[in-house]
Amino acid sequence: GAGVSQSPSNKVTEKGKDVELRCDPISGHTALYWYRQSLGQGLEFLIYFQGNSAPDKSGLPSDRFSAERTGGSVSTLTIQRTQQEDSAVYLCASSPQGNYGYTFGSGTRLTVV
Amino acid sequence: KNEVEQSPQNLTAQEGEFITINCSYSVGISALHWLQQHPGGGIVSLFMLSSGKKKHGRLIATINIQEKHSSLHITASHPRDSAVYICAVNSNLRAQKLVFGQGTRLTINP
């Protein structure tokens, strides 16, 4: 596609349920990032994938969070046993090689009730 | 103290005014980015800078590496420029990971 596609755009889930958020990056972009933006807060780095290298998971806030990137393309961010503090907009971005030329998706707004 | 600080946090101006948003950072960087986030969450990359000045339409971005400071200017501002403007840097220590400022909420009134 022409841009970074994220789905769903909105997700409401009950506390304790697992959720999966999907990111479809720009074709050919080797770098993929997940960020989180809580209400009234700045953007927070979660995880970074670059090609076939081991992902940089240093931003994941707890072991309930995990992410995969299959075939160097689509990525899924999974949050297990969701908590209310997980409510945020989850943004995905991709870039051709990393550290320049970022394109952001429109985000997934997650609400945990 | 955040590694990237923006000022002001909020800015309201009248259409046509010249706008300046400032960004200061405390780490060594390889690049600095200005991003625009409209209501609804979509983010657009405006500029990437490693030195000097860049211009795109009514937007101008400058960076002073020695002073660790960047500015985003908007000339002849328009209500459609209303958005949150975010400064972000690639630090030398972890170049692949953006470190974000808290953003500046700009409102341009007609």
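Just so it is clear, none of the values below were taken in a lab; they were calculated from the coordinates. This is a predicted model, so every value here is computed, not measured. Reconstructed Cβ throughout: ideal geometry from the backbone, glycine too, with neighbour counts over all protein chains shown.
Any residue that is within 10 Å of chain A (Cβ to nearest Cβ) and surrounded by 14 or more Cβ atoms within 10 Å (Cβ to Cβ) - is there at least one of those in the stretch B:74-86? Yes, because at least one residue in the stretch B:74-86 is within 10 Å of chain A (Cβ to nearest Cβ) and surrounded by 14 or more Cβ atoms within 10 Å (Cβ to Cβ).
Quick grid of which residues meet (1) in a loop (DSSP other than H, G, I, E, B); (2) in contact with a Lys or Arg (Cβ under 6 Å, 6 or more places away or on another chain):
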position	(1), (2)
A:Ile47	no, yes
A:Leu60	yes, no
A:Asp63	yes, no
A:Ser66	no, no
A:Leu77	no, no
A:Glu85	no, no
A:Tyr90	no, yes
A:Ser94	no, no
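All of B:Ser51, B:Ser30 fail the test of being surrounded by 13 or more Cβ atoms within 10 Å (Cβ to Cβ), of a type in the set (S, T, N, Q) and within 26 Å of A:Tyr33 (Cβ to Cβ), apart from B:Ser30.
Scan A:Gln37, A:Gln6 and give me the residue that is in contact with a Ser or Thr (Cβ under 6 Å, 6 or more places away or on another chain) and within 12 Å of another protein chain (Cβ to nearest Cβ).
One residue alone meets the criteria, A:Gln6.
Scanning the stretch A:96-113 for residues being closer than 24 Å to B:Ala88 by Cβ and part of a loop (DSSP other than H, G, I, E, B) gives a total of 10. Considering the stretch B:87-110 alone, what residues qualify as being among the polar types (S, T, N, Q), crowded, with 18+ Cβ neighbours inside 10 Å, within 22 Å of B:Ser30 (Cβ to Cβ) and touching a residue at least 24 places away in the same chain (Cβ under 8 Å)? Across the stretch B:87-110, the qualifying residues are B:Asn90, B:Ser91, B:Gln102.
Residues that are among the aliphatic types (A, V, I, L, M), away from chain B (no Cβ under 14 Å), surrounded by fewer than 22 Cβ atoms within 10 Å (Cβ to Cβ) and touching a Ser or Thr at 6+ places or on another chain (Cβ under 9 Å) within the stretch A:68-113 comprise A:Val112, A:Val113, listed in sequence order. From the list A:Ser27, A:Ser66, A:Ser9, pick out the single residue that is within 28 Å of B:Asn10 (Cβ to Cβ) and touching a residue at least 12 places away in the same chain (Cβ under 8 Å). When all the criteria are applied, what remains is A:Ser9. Looking only at residues in the stretch B:87-110 that are within 15 Å of B:Leu46 (Cβ to Cβ) and outside any loop (DSSP other than H, G, I, E, B), which one is nearest to the other protein chains (Cβ to nearest Cβ)? Going through the qualifying residues, I end up with B:Phe100. State whether one or more residues within the stretch B:20-31 are in contact with a Phe, Trp or Tyr (Cβ under 6 Å, 6 or more places away or on another chain), β-branched (Val, Ile, Thr) and part of a strand (DSSP E or B). Yes - at least one qualifying residue is present in the stretch B:20-31.
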